[in-house]
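Please find one structure pasted underneath; my questions will follow.
The values are calculated or read from the model by the stated rules, or taken from the named source; none is laboratory data. Predicted, not measured: the structure shown is a model, and the values here were computed from it. Here the Cβ positions follow ideal geometry from the backbone for every residue, glycine too, while neighbour counts run over all protein chains shown. Ligands, DNA and RNA are stripped out before the accessible areas are found, and what is left, the full protein with its side chains, is counted by its heavy atoms. Shrake-Rupley method; radii C 1.70, N 1.55, O 1.52, S 1.80 Å.
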Amino acid sequence: MQTSVIGYPRIGAQRELKFWVESYFQDKLDAEALLANAAQLRARRWDTQRQSGIDLIPSGDFSLYDGMLDLAALLGIVPQRYRALGLSPLDTYFAMAKGYQGPAGDVKALPMKKWFNTNYHYIVPEIGPEEPLQVVGTQLGDQFREALAQGILTKPVLPGPLTLLKLSNLQGRTPADCAPVLAASYRQILQRLGSLGADWVQIDEPVLVTDLSPEDIALLEQLYGALLEGPRTCRVLLQTYFGDIRDCYPAVMALPLEGVGLDFVEGRQTAALVARYGIPADKTLFAGLVNGKNIWRNNYAQTLATLRSLPLDPERLVLSTSCSLLHVPHTLQSERRLAEPVRRACAFAEEKLGELVELAALAAGDTSEGSAAALAANRALHQELRGSVDEAVRRRVAALQPADYDRAPRRARRAPLQQAALQLPLLPTTTIGSFPQTPQVRQNRNRFRRGEISQQDYEARLRQFIADCVALQEEVGLDVLVHGEFERNDMVEYFGENLAGFVFTQQGWVQSYGTRCVKPPIIFGDVSRRRPITVEWSRYAQGLTSRPMKAMLTGPITIVNWSFPREDLTPAEQATQIALAIRDEVLDLEAAGLRIIQIDEAALREKLPLRQSDWHSQYLDWAIPTFRLTHSGVRPETQIHTHMCYSEFEDILPEIDAMDADVISFEASRSSLEILRAIRETGFETAVGPGVYDIHSPRIPSHEEIEGAIRAILQAIPAERAWINPDCGLKTRGPAETEPSLRHMVAAATAVRGTL
Ligand code: GLN
Ligand code: ZN
């Protein structure tokens, strides 16, 4: 039985790629060196996979920034405003990724969106009337040849045309008018790869696991009918992941494809679909059984049983990951401090390669000593594997009553009480919490971690950062201040480190977008708060100012969604334990004199099931009440804020309102103002702060630009319920951009306030 990897992590085990690309941005590395380094990294990734014994190793899954952006570049999907800058192809590519401000001009980045139900973000291609959709790039063939020169016949990978059309921002174009030329371009790519010697080419269509309309299925048939037409020397694998393809299974199986990749991990109905409809005799099934999203060891007995139950000969079966391994860290080998028994329960990308190979051998009936031992060890591991139990936590969860999930009085009655207590002006200005993590801030943390400075020194410096940050905000004229989050490396990791039940990696980085990585904690045991976490910092910061200080917490849904969850409890059970810990923190902050508390749910939408029919039953029905549990105990005068890093929640506005926060801030500057219209039309009650400028880009927004954004907001939202803020935390920005941006924001808010 052959083995296949859908995609491999690309940032490098030590995040090399991140540092190279960032050095390039800072002019510390030239283009040639960047590209040479990237080529070496690609070679290492291929070599690791070859050495593990993987048969179908991907190429083209590497990217300097993002795979959808690479596809756009390959197909010449470059909007005129980026072409007009007249930059090199590499710099044009980066201008689309992160905006450009310099001698050549001033353009914003393309929007960025969550990649299905993951914490990865892709750049949204913009297909306007001018885009010819013709193959202009050669990267895919180049990388295939690069690997060939290394002696590896890879399987080139690219996102498919349906996913491209469904995820792109079409401007003055329809899928129907794009389809013929797009299909012809894909056919050309297949021919080219075939002529270079590719055997399999993998076309990724994750969009097939979402709700599809009859028109979508017709478009699928049209696209693939055309692109698979005529003679071709390579075999085509249509790869799906992140769910099952229940809406289009028969349509996919009817296409003249040589291979179909199905996800047996997240695809709740995949096995049933295969049992019901079978796999046509002309096709190979790529069975995605090794989880590409979580870090626990595969359960061999279960996987082998699934493989045995499939109604086809082993020759027509390839064992695969369930999705790209992009979503797990590189390798356990970098982890020196990960203790047993967690360590032996884990498999990161590199270890998953070993699992694929062992499983394929076992599935093929290998009875060698090595295989038998691997199976026995795996069985023993899964018998012992249970997260640790804390009886006190279990009792507290069991004792929860419906009333614990509801805050009184109603929001409309709380609002005047809060206004009386806080005395804020109309259009209050604030930020989302973090301030720039300057080299000094990072150095302080690193030196403390390495034991080079004492806790006392470390904390003294933190107090200084906070004091400077508060002074700056007062001087800039913000109305609601923050302490700056200098004590936090990451909004989830920080809480995880201060809660029992979490385990940490040293190098377990996972790409979130572009050069940004996160290091998700691992939930291994029952979660509880050991002691107050943020209270002293917030109390100290409030003591420095008479303006309201907003305390900052991360919400339970985000903590679960951005961790690697355990598999012996449901996400709901894990989130409830965390919610109780956060609730204790909320009440302690209130007692310490904080009148505004923000509980970030940056990742709430990200685990919204991909199919609408699953939204409530699988997710919202527990996630929304679990959030309420964190704040239902506060006094009416205490104002609860929440924040979300995206604005696509038009379709769950009632649920967002039901979180019962007093104020919500969210990203709006990079996306359309669609959400504002929806907010106006649905009678959304929560006060809102739609981000008035994009913090993912180093551009400094002008006063006029922000004033325009504020006026657009006021078209939709009554001034009494509008807040003015950037669209996310400022930690990834430098002080040089942050200060003028905030000054422009405050000046714009003041100007508009004067006209109300
Ligand atoms: N309070 C966090 C910050 O400002 C929120 C970050 C986020 O939404 N991702 O950094
Ligand atoms: Zn955010």
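Would you check which residues across segment 678-694 are open to solvent by 20 Å² or more (accessible area, probe 1.4 Å) and touching a residue at least 60 places away in the same chain (Cβ under 8 Å) and list them?
GLU685, ASP694
Looking at GLY105, GLY86, GLY67, GLY60, which is the one that is on the phi > 0 side of the Ramachandran plot and touching a residue at least 60 places away in the same chain (Cβ under 8 Å)?
Answer to the check: GLY60.
Residues are listed down the side, and each one gets a yes or a no for (1) within 30 Å of ASN298 (Cα to Cα); (2) modelled with pLDDT of 95 or more:
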| site | (1), (2) |
| --- | --- |
| ASN378 | yes, yes |
| ARG386 | yes, no |
| ALA398 | no, yes |
| ALA403 | no, yes |
| ARG413 | no, yes |
| ALA421 | no, yes |
| PRO428 | no, yes |
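Quick one: which of ALA602, ALA500 is over 24 Å from TRP296 (Cβ atoms) and either surrounded by fewer than 19 Cβ atoms within 10 Å (Cβ to Cβ) or under 21 Å from the mean Cα position of the chain (by Cα) (or both)?
ALA602
A follow-up question, please. Which of the residues belonging to segment 616-654 are in contact with a Phe, Trp or Tyr (Cβ under 8 Å, 6 or more places away or on another chain) and either under 18 Å from GLN419 (Cβ atoms) or within 16 Å of ligand 2 (Cβ to nearest atom) (or both)?
THR642, HIS643, MET644, CYS645, TYR646, SER647, PHE649
On the basis of being aromatic (Phe, Trp, Tyr) and open to solvent by 20 Å² or more (accessible area, probe 1.4 Å), does TYR277 make the cut?
In short, yes.
Find the residue count for segment 335-358, including only residues that are farther than 15 Å from GLU567 by Cα and assigned to a strand (DSSP E or B).
Here the count works out to 0.
Pairs under 7 Å by beta carbon, first residue touching a residue at least 12 places away in the same chain (Cβ under 8 Å) and away from ligand 1 (no atom under 16 Å from the Cβ) in segment 419-436, partner among the aromatic types (Phe, Trp, Tyr) and assigned to a loop (DSSP other than H, G, I, E, B), six or more apart or different chains?
Final answer for the pair search is PRO428/TRP723.
Which ranges mark the helices (runs of 4 or more DSSP H) fully within segment 233-316 that have 1 or more residues being of a type outside the set (S, T, N, Q) and more than 32 Å from the chain's Cα centre (by Cα)?
270-277, 300-309
Taking into account only those residues within segment 465-492 that are outside any helix (DSSP H, G or I), hydrophobic (A, V, I, L, M, F, W, C) and within 18 Å of ILE596 (Cβ to Cβ), which is nearest to ligand 1 (Cβ to nearest atom)?
Filtering segment 465-492 for residues that are outside any helix (DSSP H, G or I), hydrophobic (A, V, I, L, M, F, W, C) and within 18 Å of ILE596 (Cβ to Cβ), the one nearest to ligand 1 (Cβ to nearest atom) comes out as MET491.
Being assigned to a helix (DSSP H, G or I), among the aliphatic types (A, V, I, L, M), modelled with pLDDT of 95 or more and surrounded by 24 or more Cβ atoms within 10 Å (Cβ to Cβ) is true for just one of LEU629, LEU589. Which residue is that?
LEU589
Name the helices (runs of 4 or more DSSP H) wholly within segment 111-225 that hold at least 1 residues that are of a type in the set (Gly, Ala, Ser)?
The helices (runs of 4 or more DSSP H) meeting that bar are 139-149, 175-196.
Looking at segment 558-572, is at least one residue within 16 Å of ligand 2 (Cβ to nearest atom), among the hydroxyl-bearing types (Ser, Thr, Tyr) and under 28 Å from the mean Cα position of the chain (by Cα)?
Yes - at least one qualifying residue is present in segment 558-572.
Separate question: What's the total number of residues in segment 608-624 that are in contact with a Ser or Thr (Cβ under 9 Å, 6 or more places away or on another chain) and either among the basic types (Lys, Arg) or buried (at least 20 other Cβ atoms within 10 Å of the Cβ) (or both)?
Of the residues in segment 608-624, 1 are in contact with a Ser or Thr (Cβ under 9 Å, 6 or more places away or on another chain) and either among the basic types (Lys, Arg) or buried (at least 20 other Cβ atoms within 10 Å of the Cβ) (or both).
Say whether the condition of being crowded, with 24+ Cβ neighbours inside 10 Å and over 21 Å from LYS114 (Cα atoms) is met by at least one residue in segment 646-657.
no
Let me ask something else. Across segment 715-739, what is the total count of residues that are open to solvent by less than 40 Å² (accessible area, probe 1.4 Å), in a helix (DSSP H, G or I) and away from ligand 1 (no atom under 16 Å from the Cβ)?
Going through segment 715-739 one residue at a time, the tally reaches 2.
While we're on this one: Within segment 417-447, how many residues are small (Gly, Ala, Ser) and within 34 Å of the chain's Cα centre (by Cα)?
Number of matching residues: 2.
Something else now. Determine whether segment 71-89 contains at least one residue that is charged (D, E, K, R) and modelled with pLDDT of 95 or more.
Yes, some residue in segment 71-89 is charged (D, E, K, R) and modelled with pLDDT of 95 or more.
State whether the residues of segment 614-632 include one that is more than 16 Å from ligand 1 (Cβ to nearest atom), small (Gly, Ala, Ser) and within 25 Å of THR431 (Cα to Cα).
Looking through segment 614-632, at least one residue is more than 16 Å from ligand 1 (Cβ to nearest atom), small (Gly, Ala, Ser) and within 25 Å of THR431 (Cα to Cα).
Working only within segment 683-714, note down all residues that are in a helix (DSSP H, G or I) and aliphatic (A, V, I, L, M).
ILE706, ALA709, ILE710, ALA712, ILE713, LEU714
Suppose we filter segment 88-119 for residues that are aromatic (Phe, Trp, Tyr) and out of contact with any strand residue (DSSP E or B) (no Cβ under 6 Å at 6 or more places or on another chain); how many remain?
3
In addition: Just to be sure I understand the filter: pairs with C-beta atoms under 6 Å, separated by 6 or more residues or on different chains, first member in segment 457-484 and surrounded by 15 or more Cβ atoms within 10 Å (Cβ to Cβ), second member modelled with pLDDT under 95 and of a type outside the set (A, V, I, L, M, F, W, C). Which pairs pass?
So the pair list comes out empty.
Pick out the one residue from ALA551, ALA579 that is touching a Leu at 6+ places or on another chain (Cβ under 7 Å), at pLDDT 95 or above and in a helix (DSSP H, G or I).
ALA579 is the lone residue from the list that is touching a Leu at 6+ places or on another chain (Cβ under 7 Å), at pLDDT 95 or above and in a helix (DSSP H, G or I).
Would it be correct to say that LEU608 is more than 16 Å from ligand 2 (Cβ to nearest atom) and over 23 Å from HIS696 (Cβ atoms)?
No.
Among the residues that make up segment 55-64, is at least one of them among the acidic types (Asp, Glu) and within 23 Å of VAL236 (Cα to Cα)?
yes
How many residues are modelled with pLDDT under 90, away from ligand 2 (no atom under 16 Å from the Cβ) and in a loop (DSSP other than H, G, I, E, B) if we restrict to segment 655-682?
Qualifying residue count for the region: 2.
Residue pairs, Cβ under 7 Å, 6 or more apart or interchain, first in segment 634-647 and of a type in the set (Gly, Ala, Ser) and at pLDDT below 95, second away from ligand 1 (no atom under 13 Å from the Cβ) and open to solvent by 10 Å² or more (accessible area, probe 1.4 Å). List them.
SER647/SER671
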